[in-house]
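> Have a look at this one before I ask anything.
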Amino acid sequence: MSLSDGDQASIKRALAQLSFAAYLKPDELDRLVPAFEKTPIRKGETLITQGKTGELFYVLASGQVKVWLKGPYVDKLLARLDPPAFFGEMALLSNTPRTATVVCEEDGEVFTLLRGTFRTLLMDNRHVAELLRKTAAERQAEIQALEDQEWRDKRTKLDKPAA
Ligand code: CMP
């Protein structure tokens with residue numbers, strides 16, 4: 001379904017606050033905006049599931065989401081995202097499964113781009129691609145830090161002599 005003028009204005013407003021979008025030229029922005037789809041999100045809804053294939057890139061326009069690293073026993077909170085924010089870029093950038101699970105924490109709206117459109121955006125604009133890759137690398141480092149911590153905790157438990 002095509003976006004109304006009001007929706008196009010709100011995706012432009014959301015993008016204007018995101019670092020990578022500063023590198024979009026006005027004509028690039030005008031071509032990109034109608035490619036987004038608007039979707040309402042509801043508290044408790046899982047938007048992305050860790051380990052699954054990624055098909056969409058998300059811009060959070062309103063509401064709130066939490067990003068969870070799923071573990072065999074417990075899930076760990078990686079981040080809470082409030083607008084302006086984007087997510088779902090990592091699997092699409094590197095053609096890997098989703099790195100985390102993203103759950104809606106507060107009702108709102110997301111704007112989504114299909115994988116193909118997102119990949120075209122990256123190919124057309126080197127600066128946008130660089131900024132998105134930089135954020136993805138920072139996020140990956142946070143995942144790694146949590147996994148390392150978990151591993152250290154496990155080792156400490158194993159090393160402790162039984163009482
Ligand atoms: P992707 O791997 O496609 O799907 C899960 C998304 O969660 C991921 O892209 C990122 O957008 C997001 N994510 C992963 N790790 C973090 C983090 N440390 N901080 C914020 N968001 C993250």
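> Would you confirm whether any residue within the range 45-67 is at positive phi, surrounded by 14 or more Cβ atoms within 10 Å (Cβ to Cβ) and within 8 Å of the ligand (Cβ to nearest atom)?
Taking the range 45-67 first, the residues at positive phi are 51, 63.
Next, from what is left, pick out any that are surrounded by 14 or more Cβ atoms within 10 Å (Cβ to Cβ): 63.
Adding the requirement that they be within 8 Å of the ligand (Cβ to nearest atom) leaves none.
Checked the range 45-67: no residue is at positive phi, surrounded by 14 or more Cβ atoms within 10 Å (Cβ to Cβ) and within 8 Å of the ligand (Cβ to nearest atom).
> Scan the range 92-138 for residues that are under 16 Å from LEU47 (Cβ atoms) and touching a residue at least 40 places away in the same chain (Cβ under 8 Å) and report the count. Steps first, answer last, please.
Our first condition is that a residue be under 16 Å from LEU47 (Cβ atoms); within the range 92-138, this holds for 92, 97-115, 118.
Okay, now just the ones that are also touching a residue at least 40 places away in the same chain (Cβ under 8 Å), so 97-115, 118.
Within the range 92-138, residues that are under 16 Å from LEU47 (Cβ atoms) and touching a residue at least 40 places away in the same chain (Cβ under 8 Å) number 20.
> If you scan the range 106-152, which residues turn out to be farther than 19 Å from VAL59 by Cα, within 14 Å of the ligand (Cβ to nearest atom) and of a type in the set (A, V, I, L, M, F, W, C)?
Within the range 106-152, ALA141, ILE143, ALA145, LEU146 meet the criteria.
> Still on this structure: I'm told THR99 meets every condition in (1) in a strand (DSSP E or B); (2) within 9 Å of the ligand (Cβ to nearest atom); (3) within 17 Å of THR49 (Cβ to Cβ) except one. Can you identify the failing condition by its number?
The failed condition is (1).
> Kindly check whether there is at least one residue in the range 26-39 that is over 30 Å from LYS154 (Cβ atoms), within 15 Å of the ligand (Cβ to nearest atom) and in contact with a Ser or Thr (Cβ under 6 Å, 6 or more places away or on another chain). Please lay out each step first, then the result.
If we filter the range 26-39 for residues that are over 30 Å from LYS154 (Cβ atoms), which is where we start, we get 26-39.
If we keep only those that are within 15 Å of the ligand (Cβ to nearest atom) as well, we get none.
No, the range 26-39 has no match at all.
> Among the numbered criteria (1) near the ligand (Cβ under 6 Å from one of its atoms); (2) out of contact with any helix residue (DSSP H, G or I) (no Cβ under 6 Å at 6 or more places or on another chain); (3) not hydrophobic (A, V, I, L, M, F, W, C), which single criterion is violated by GLU89?
Result: GLU89 fails condition (2) only.
Every number here is computed from the coordinates shown, using simple stated rules; none is lab data. Only a predicted model underlies this, so the values are computations on that prediction, with no experimental measurement involved. Cβ coordinates were reconstructed from backbone atoms using ideal geometry, including for glycine residues, and neighbour counts include every protein chain displayed.
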